[in-house]
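Novice: Could you have a look at this structure, given as structure tokens, before my questions?
Taken together, the values in this text are just the output of simple stated rules run on the coordinates, not laboratory data. Worth saying up front: this structure is predicted, and the values here are computed from it rather than measured. Positions of Cβ are backbone-derived with ideal geometry, glycine not excepted, and every protein chain shown enters the neighbour counts.
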Amino acid sequence: MVIWGDYHTHTIYSSGPHNAKHATGTILENAMVAKEKGLKQIAITEHGFDHKLYGVKRKNINKMRREIEEAKKKTGIDILLGIEANFISSDGDVDLTEEDIKNLDFIIVGFHNFAKAKSLREFFKFRLPNMLNLRRKKDIRRNTLAVMKAMDKYPIDVISHPGAHMPIDFEAVGRHAIKTNTHLELNGKRILYSKEDIKKLVEMGVKFMINSDAHSKDGVGEVNNGVNFMFKYDIPHSQVANIENFPNFKNYKKG
């Protein structure tokens, strides 16, 4: 069993105030490590534009694209320009414009505590309850609908670390992920599905993607957490999109 691609990696472009680095590798370094570890494809997925601490700057997107093209030539690794966007409202809005989407190959979306809310109302209605880790039925229902609406509104390829900081009904999200051809992530650092959750998702035929969520060059391709989870809960290889295969992406066609 071989993982062909790692589609959740960060670089120094995820930076904070005063250029404080949230991740330490460059695009070229991530690609070089990917080659050393036998990967064929990676995605660079900086934190979304509205992440208050470590969001990528829109002005850097064209520069990143140029660096990606140079890294492709030097390493032979296929590299996607992606983003880890943020859920910013209960209506399923994320921090991407139509123009942003045109400039990206790959979109992964998750909930992050330090992302901005779409409005003050959404801060109190959506963001604050999740930051306080409230897990009331109404919170789970609201979050679940937000994820489902986002999958309808945007060409999302992957939901990153589902359930992290944002409790959801995994079964409902899984059913909608099948309809919208969206993958659920088996994250290299945190996996929140229970035994019962994963059993239902597998039975439904949900597609997963195993990623590292690397924040350093050496973390690229380090996917043991997801692989071990897959074996522990008997997730079929056929339901993991990047095992000996290239996933189908909505904004990108290889070659």
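Novice: Any idea what the relative contact order of the chain is, in percent, if you count C-alpha pairs under 8 Å spaced at least 6 apart?
Specialist: 21 percent
Novice: Say R0 is 35 Å: what FRET efficiency, to the nearest 0.05, do residue 121 and residue 101 get from their beta-carbon distance?
Specialist: 0.90
Novice: Could you sort out which of 72/217; 72/232; 118/217; 153/195; 74/207 sit more than 24 Å apart by Cα distance in this structure?
Specialist: With Cα atoms farther than 24 Å apart: 72/232; 118/217; 153/195; 74/207.
Novice: Here's another thing I want to ask about it. For a Förster distance of 45 Å, can you work out the FRET efficiency between the beta-carbons of residue 172 and residue 237, rounded to the nearest 0.05?
Specialist: The value I calculate is 0.95.
Novice: Ranked highest first by average number of other Cβ atoms within 10 Å, how do 193-200, 152-159 line up?
Specialist: Peptide ranking by packing, descending: 152-159, 193-200.
Novice: What list of ³J(HN,Hα) values in whole Hz, one per residue of region 235-245 in order, does the Karplus curve 6.51 cos²θ - 1.76 cosθ + 1.60 (θ = phi - 60°) give from phi, with Gly and Pro shown as x?
Specialist: Couplings: 6, x, 3, 5, 9, 10, 5, 9, 8, 6, 6 Hz.
Novice: Using only C-alpha atoms and all pairs of different ones, pull out the Kirkwood radius for region 92-155 in Å with one decimal.
Specialist: The Cα-based Kirkwood calculation yields 12.8 Å.
Novice: At residue 1 and residue 114, where each label point lies 7 Å from the Cα along Cα→Cβ, what is the point-to-point distance in nanometres?
Specialist: 3.4 nm
Novice: Distances longer than 31 Å among the Cα atoms of region 5-239: what percent of all pairs is that?
Specialist: Tail fraction, whole percent: 19.
Novice: Here is a further query. Counting each DSSP H run of 4 or more residues in the chain as -39500 (n - 2.57), what helix-only mean residue ellipticity at 222 nm follows after dividing by all residues, to the nearest 500 deg cm²/dmol?
Specialist: That comes out to -9500 deg cm²/dmol.
Novice: Just in region 115-151: which trypsin sites (Lys or Arg not before Pro) are loop by DSSP and have at most 11 other Cβ atoms within 10 Å?
Specialist: 135, 136
Novice: Continuing with this model, one more query. Per residue of region 111-117, what does 6.51 cos²θ - 1.76 cosθ + 1.60 with θ = phi - 60° give for ³J(HN,Hα)? Whole Hz please, x for Gly and Pro, Karplus curve as stated.
Specialist: Calculated HN-Hα couplings, in order: 9, 10, 4, 9, 8, 6, 8 Hz.
Novice: How would you rank 39-45, 234-240, highest first, on the average number of other Cβ atoms within 10 Å across their residues?
Specialist: In descending order of packing, they fall as 39-45, 234-240.
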